[in-house]
Every structure is written in C-alpha cells, then in structure tokens.
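I have a structure here, written as structure tokens, and I will follow up with some questions on it.
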Amino acid sequence: MRVPFFASLAVAAFATTATAQEVTLRAVTSFAEKTQFSRNFERFIEKVNADGKGVLQINYIGGPRAMPPFEVGNAVRTKVVDIANVTGAFYTNMMPEADALKLIGKPADAQRKDGTFAFIEELHNLKLNAHYLARQFHNVPFHIYMNKKIDKLDFTGLKIRVTPVYKDIVEALGGTTVTTAPGEVYTALERGVVDGYGWPVTGIFDLGWEKVTKFRMEPAFYSVEVGVLVNLDVWKGLNDRQKKVLNDAALWLEALDSENAALIKSERDRQAAAGIQPIEFSAADSKAFLAKANDVGWASVIKRSPENGAKLRKLSGN
Ligand code: 173
C-alpha cells in the first residue's frame, strides 16, 4: 500500500513531536506473567498507559521467560530495564537490607508518613541506583508448605526450597535449604528433591503446586513485599507530569492491598478444597515460632548491615 507523499510526512512530523513529549519505559516482572504477584503490576501498567497518553507509556516486556527473577534488581541498576516489579528477596546480593522488607508489615501509606519509606528509598538510591516507587502486599503473609507431616517445630532431616525470605528461619529450625526461583518449585516437589517450600498464603494455584502439596504449616509469618523499582537516572530524567502519572498510579497500586483479605480467605478455602491440610501447633509454640522468625530475620539483616539494619528494625516497630 502506498501512502501519498505529503500524508506520510505529516504522520512522521506528528510522530516526532509526540515522542519528544512522550517517554516509553521498558518493564519486567520477577514473577510469572498473569500470576498473583504480577497481576497488580499489570493493572498498574494498564492504568499508566491509559492515564499517560502523550506523556508516559510502559512497554511490558514480561516475566521470567524474558529475564531470570534473581537478575531483575541488577537489570534495574544497570538500566537494562527502566521499571520492574520485584521483591527485595531477589536482590539481597546487592542490597542485604532488602531482606528486612519482609519484616516491615505496616501499610505503605503509614510507611510513607513515618519515615520508613524515605529510608528504604535512600537505601535503594545508594545500593541499587533505583527509585523505590511502590510497596505492595504488606498484608499478605508467608507459610512453609510441606509434603511430610511434622508434629513439632523441628525441621531436622527436611529439605526446604527457600529464597532469602525463609532461609534463616528454616535453618534455625534445623532444616536444610535449597534456594530456587519460583519457576523451579514444581519440578523440585514432583521429583521429591525437596520436602517443602516457602511461599505466600496466596498464589500456589497459579503454577499448579496444589497437585504436589500436602500440608500448609501454621502460623503464617512475615509480610510479602513486592516493590516497583525505577532506574534512578531514568526517574531523575522524567518531567513533573511524567512523574505524576507514575506517582498517582503507585498510590492506586498500593491501595489494591485492600483486596488482599478477601483473596486470602478464598485461597485458604481453595487449598482446603484441594486437600491441603493445615499443620497446627499449640498457641504457645506458634507464638514462639513467630518470635523466633522475627528474631532470626532481624539478626541476619543486622549481621550483614549493622547500622542500616538496626535503623530499619527501629522504624519497623518489630
Ligand atoms: O518464595 C519466593 O519466591 C519469594 O521470596 C516471594 C516473595 C514475595 C512474593 C512471592 C514469593
């Protein structure tokens, strides 16, 4: 098809003007596309692309098929991508303090008011060359899922799939740990390479794990953290209108956490219907487990980063 000469020039001129004002950011997520911990980020992208017409757009590259989860933090740092949906647990190699984010369960708006967010921002600026745009899932806790029934809080002889989120508590209980990305959990369970795995209360159905899971250990512990990170140079290069599109969408994204309580209830019901049985301990043992999880979590962060770790602990109130 041939386009008349003047018409094509006009289109080209318009396109140039539009690009001069509109910026497009390349985005990745560290969780599988369309699954629990990517979905709200995908909704965020839709909102940005609707609100940001002519101002700022996001080009969604995708998830682990495009980039291994443990490389996403570094890809933000080096500007291989501009914006990412990623949990701190996946970049503790560059920023040990990111392991503390699971220990800070306050709502994002409270963290924005009491200085917690500002300090987390400062650490991301320094260590990851990133702007910490948003914090999601503060009200979603983790569990250890098991294929062997245990009758006391002792993991001796058990091999558990972990990330930095669960490593210290699993080891404190005597378990052996194997660190893997989420994409390897199904096969590890299917082959019996592990006896259990750490994961949030929601999301096990996304990758079919209910087929290879027998038990969910109670109580739930810690607080999921999935952040939205923007490369700091990219962030500083945006104008006020562009920043506003992202800031408004970030607050909207954080407010989606109000959906989590209902979601958790329905996922627990769905797990029960799939035959996944809870492993429960006495109130005293549960309390001791939670205290231990909190203590070993903080000790581990503070050992790697004494000053910042202590400051984060103080801000957390835990
Ligand atoms: O288990 C994990 O892969 C993990 O660390 C995590 C963190 C946040 C949300 C979901 C999983």
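The values are calculated or read from the model by the stated rules, or taken from the named source; none is laboratory data. Here the structure is a predicted model, which is why all the values come from computation and not from measurement. Cβ: placed from backbone, ideal geometry, glycine included. Neighbour counts: every protein chain shown.
Given the conditions (1) more than 16 Å from the ligand (Cβ to nearest atom); (2) hydrophobic (A, V, I, L, M, F, W, C); (3) within 30 Å of residue 259 (Cβ to Cβ); (4) assigned to a loop (DSSP other than H, G, I, E, B), which single one is not true for residue 118?
Every condition holds for residue 118 apart from (4).
Considering only the range 175-219, state which residues are within 14 Å of the ligand (Cβ to nearest atom) and either of a type in the set (Asp, Glu) or outside the structural domain of residue 155 (by TED's automatic domain parsing) (or both).
184, 206
Would you be able to say whether some residue in the range 183-192 is surrounded by 15 or more Cβ atoms within 10 Å (Cβ to Cβ), modelled with pLDDT of 95 or more and out of contact with any strand residue (DSSP E or B) (no Cβ under 9 Å at 6 or more places or on another chain)?
Scanning the range 183-192, I find at least one residue that is surrounded by 15 or more Cβ atoms within 10 Å (Cβ to Cβ), modelled with pLDDT of 95 or more and out of contact with any strand residue (DSSP E or B) (no Cβ under 9 Å at 6 or more places or on another chain), so the answer is yes.
Mind counting the residues in the range 240-263 that are surrounded by 12 or more Cβ atoms within 10 Å (Cβ to Cβ), under 19 Å from the mean Cα position of the chain (by Cα) and of a type in the set (S, T, N, Q)? Steps first, answer last, please.
Going residue by residue through the range 240-263, those that are surrounded by 12 or more Cβ atoms within 10 Å (Cβ to Cβ) are 241-257, 260, 263.
Next cut, under 19 Å from the mean Cα position of the chain (by Cα) only: 246-247, 249-257, 260, 263.
After this cut, where a residue has to be of a type in the set (S, T, N, Q) as well, the list is 247, 260.
Counting residues in the range 240-263 that are surrounded by 12 or more Cβ atoms within 10 Å (Cβ to Cβ), under 19 Å from the mean Cα position of the chain (by Cα) and of a type in the set (S, T, N, Q) gives 2.
Report whether or not residue 256 is more than 20 Å from residue 86 (Cα to Cα), in contact with a helix residue (DSSP H, G or I) (Cβ under 6 Å, 6 or more places away or on another chain) and of a type outside the set (S, T, N, Q). Before the answer, list the steps.
Working: more than 20 Å from residue 86 (Cα to Cα): no; in contact with a helix residue (DSSP H, G or I) (Cβ under 6 Å, 6 or more places away or on another chain): yes; of a type outside the set (S, T, N, Q): yes.
Criteria not met by residue 256.
Shifting gears a bit: In the range 259-293, which residues are without any contact (Cβ under 8 Å) to a residue 60 or more places away in the chain and among the charged types (D, E, K, R)?
259, 265, 269, 287
Follow-up question, since we're still on this one. Filtering the range 142-162 down to residues that are farther than 19 Å from residue 282 by Cβ and within 16 Å of the ligand (Cβ to nearest atom), which residue is surrounded by the most Cβ atoms within 10 Å (Cβ to Cβ)? Outline the logic, then answer.
Going residue by residue through the range 142-162, those that are farther than 19 Å from residue 282 by Cβ are 142, 145, 147-148, 156-162.
Those left that are additionally within 16 Å of the ligand (Cβ to nearest atom): 142, 145, 159-162.
Numbers: 142: 20, 145: 27, 159: 19, 160: 23, 161: 25, 162: 24.
This residue is 145.
Something else: Just give me the residues in the range 163-174 being away from the ligand (no atom under 13 Å from the Cβ) and part of a helix (DSSP H, G or I), in sequence order. Steps first, answer last, please.
Going through the range 163-174, the residues away from the ligand (no atom under 13 Å from the Cβ) turn out to be 171-174.
171, 172 - these are the residues of the range 163-174 that are away from the ligand (no atom under 13 Å from the Cβ) and part of a helix (DSSP H, G or I).
Looking at the range 79-110, which of its residues are β-branched (Val, Ile, Thr) and without any contact (Cβ under 8 Å) to a residue 40 or more places away in the chain? Quick ask: steps written out before the conclusion?
Within the range 79-110, the subset β-branched (Val, Ile, Thr) is 80-81, 83, 86-87, 92, 104.
Result: 80, single match.
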